[in-house]
1. Taking the stretch 40-69 as the search range and keeping residues that are under 18 Å from the mean Cα position of the chain (by Cα) and either at pLDDT below 95 or within 9 Å of the ligand (Cβ to nearest atom) (or both), which one is farthest from residue 222 (Cα to Cα)?
2. Does residue 84 count as assigned to a strand (DSSP E or B) and either touching a helix residue (DSSP H, G or I) at 6+ places or on another chain (Cβ under 7 Å) or touching a residue at least 12 places away in the same chain (Cβ under 8 Å) (or both)?
3. The conditions are (1) on the phi < 0 side of the Ramachandran plot; (2) modelled with pLDDT of 95 or more; (3) touching a helix residue (DSSP H, G or I) at 6+ places or on another chain (Cβ under 9 Å), and residue 111 fails exactly one of them. Which is it?
4. If the requirement is being buried (at least 17 other Cβ atoms within 10 Å of the Cβ), touching a residue at least 12 places away in the same chain (Cβ under 8 Å) and under 22 Å from residue 95 (Cα atoms), which of these qualifies: 158, 196?
5. Considering only the stretch 75-90, state which residues are within 14 Å of the ligand (Cβ to nearest atom) and surrounded by fewer than 18 Cβ atoms within 10 Å (Cβ to Cβ).
6. Please find, among 210, 186, the residue that is closer than 15 Å to residue 136 by Cα and either free of Cβ contacts under 8 Å to residues at least 24 places away in the same chain or assigned to a loop (DSSP other than H, G, I, E, B) (or both).
Ligand SMILES: N[C@@H](CCC(=O)N[C@@H](CS)C(=O)NCC(=O)O)C(=O)O
């Protein structure tokens, strides 16, 4: 890759949105520079590249910024055609996956683990219940999406929903430690549980998972 083609990702090691993009780049084997942003004191570059939302992640490719993690994932999918392919070629299947990607962002990430782990008392309890309620349609939906059985994680073909799931529940052991209860109950959500378990063995995901104690400490500090 020519030097001018190099990619720069403005992100944060603890952000699930930023992790989505890092994982996509790693899976595709695309080299990139990572700029760790301090969200309490954002860099002038981040503010320049994402003037609308001022948020990470932002991917800068050949000097051109792209914001919003889902948009960035689609950009990577469309620009680098090598495997893994994040979205299938079949338009109906692609539409189904995009539907569930939207569900992840609008429903599950809305009341994210971050929100749950950084609140307490009644607010936390309400958020946990809402999260569990939203896992139910996902568990059901997955049966339709993967009629051959639980989501089959093909290590060579990690797709869009796998990437989103990693950001949401990848560090579920951290979340369980911080919240003090089972986040994904294998009895209630067997498909979601086996999916998350299978993902945890993908080498690129293992490489990007932050150290357990570091993430626990970060989440606890946000909650303080
Ligand atoms: N919809 C955005 C959400 C990104 C997001 O919420 N980023 C957070 C970090 S996890 C952020 O930059 N927060 C800083 C702020 O809100 O000022 C995406 O998918 O990229």
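The values are calculated or read from the model by the stated rules, or taken from the named source; none is laboratory data. All values reported here derive from a predicted model rather than from experimental measurement. With ideal geometry, Cβ positions are generated from the backbone for all residues, glycine too; neighbour counts draw on all protein chains shown.
1. Of all residues in the stretch 40-69, those under 18 Å from the mean Cα position of the chain (by Cα) come to 55-59, 66-69.
Going one step further and asking which of them are either at pLDDT below 95 or within 9 Å of the ligand (Cβ to nearest atom) (or both), we end up with 55-58, 67-69.
Numbers: 55: 17, 56: 17, 57: 19, 58: 22, 67: 24, 68: 23, 69: 22 Å.
My answer is 67.
2. No; evaluated as a whole, the condition is false for this residue.
3. (2)
4. After ruling out the rest, the residue left standing is 158.
5. Narrowing the stretch 75-90 to residues within 14 Å of the ligand (Cβ to nearest atom): 75-76.
The answer is 75, and nothing else.
6. After ruling out the rest, the residue left standing is 186.
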